[in-house]
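Presented below is the structure to which this report refers.
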Amino acid sequence: DSIAVTANLPSSTIAKVKRELKDTSETNPLITDPNEIVQALNTAISKYSSDKPRVVADYYSGDGSTYEFVLPRNWIWGFSQIDTIEYQAGEQNRTILEEGDYEIIEKTLGTQPYRILRFVQLTPDSSTNNILIYYTTRHTHTDELDTISAEDLIAVIWLAASEAALTLSAKMSASSDSIINADSVNYRDGQLRWKQTAEEFKKRYDEYMS
């Protein structure tokens with residue numbers, strides 16, 4: 001039997017987030033749980049995907065009678081949206097359908113709901129790859145596939161650094177609440193410092209994306 005291998009976030013990106021936080025010590029790291037950096041990056045990628053979705057395209061083939069089609073393979077329910085539909089696809093002068101020419105509806109097979117793309121005004125002719133659907137989906141950033149541009153990656157790193165700094169701030173706050181002595185002052189200072197750091201990185205991201 002073959003063993004499925006899950007793609008990971010690039011180690012170089014994780015290292016860049018740590019460098020932004022000046023967390024480069026191997027013996028005494030600020031973030032001791034590597035999963036916290038991974039979570040920060042995943043959160044940043046999700047936010048970046050919402051702010052600047054990935055647009056992909058899939059071909060469909062009509063058969064002259066079908067007007068309902070399964071949703072595209074990278075469609076994410078609750079996130080993806082149709083950008084444009086080209087029909088007939090491949091012609092020199094593109095013909096883009098109006099939004100009222102199609103809809104996404106939910107149907108039921110037994111007790112299992114499923115969603116489809118339904119053409120309202122037309123039934124596509126029988127032809128290979130004569131429908132081209134552009135739609136949005138989330139970005140991927142792994143050691144196998146990367147859809148984030150090199151120019152935008154630094155902004156995602158800043159946002160991940162912001163998320164990680166918020167985690168450090170929360171830890172400092174929890175430590176401060178559990179200590180009733182002079183050390184609690186140091187923890188409160190650390191909490192405020194990391195909160196400010198998170199805000200600065202978030203500002204960088206917002207300014208870049210604006």
Segment Trp77-Gln39, length gained on full extension (0.36 nm per residue, minus Cα span): 11.5 nm
Taking segment 53-197 and dividing mean pair separation by its residue count, relative contact order in percent (alpha carbons under 8 Å, at least six apart): 29
Helical segments meeting 18 Å axial Cα length and Kyte-Doolittle 0.5 threshold in the chain (DSSP H): 150-178
Space enclosed by the convex hull of the alpha-carbon atoms of segment 74-116, per residue, Å³: 107
Value of [θ]222 nm, deg cm²/dmol, for the chain, DSSP H segments ≥ 4, -39500 (n - 2.57) each, nearest 500: -14000 deg cm²/dmol
13 Å beta-carbon shell around Gln39, net charge (K/R +1, D/E -1): -2
Environment charge of Pro124, counting only residues whose C-beta is closer than 13 Å and scoring Lys/Arg +1, Asp/Glu -1: -4
The chain, accessible area per residue, ligands and nucleic acids excluded (1.4 Å, Å²): 61
The chain, accessible surface, carbon-and-sulfur percent (1.4 angstrom probe): 47
Rounded accessible area of Ser127 (nearest 10 Å², 1.4 Å probe): 50
Relative packing of 24-30, 46-52, 102-108, which averages over residues the other C-beta atoms within 10 Å, highest first: 46-52, 102-108, 24-30
Largest-first principal axis extents of the Cα set of the chain (Å): 78, 43, 42
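The values are calculated or read from the model by the stated rules, or taken from the named source; none is laboratory data. Because the structure is a prediction, the values reported are computed rather than measured. Cβ coordinates were reconstructed from backbone atoms using ideal geometry, including for glycine residues, and neighbour counts include every protein chain displayed. We work out accessible area using only protein heavy atoms, side chains counted, and drop any ligands, DNA or RNA first. Shrake-Rupley method; radii C 1.70, N 1.55, O 1.52, S 1.80 Å.
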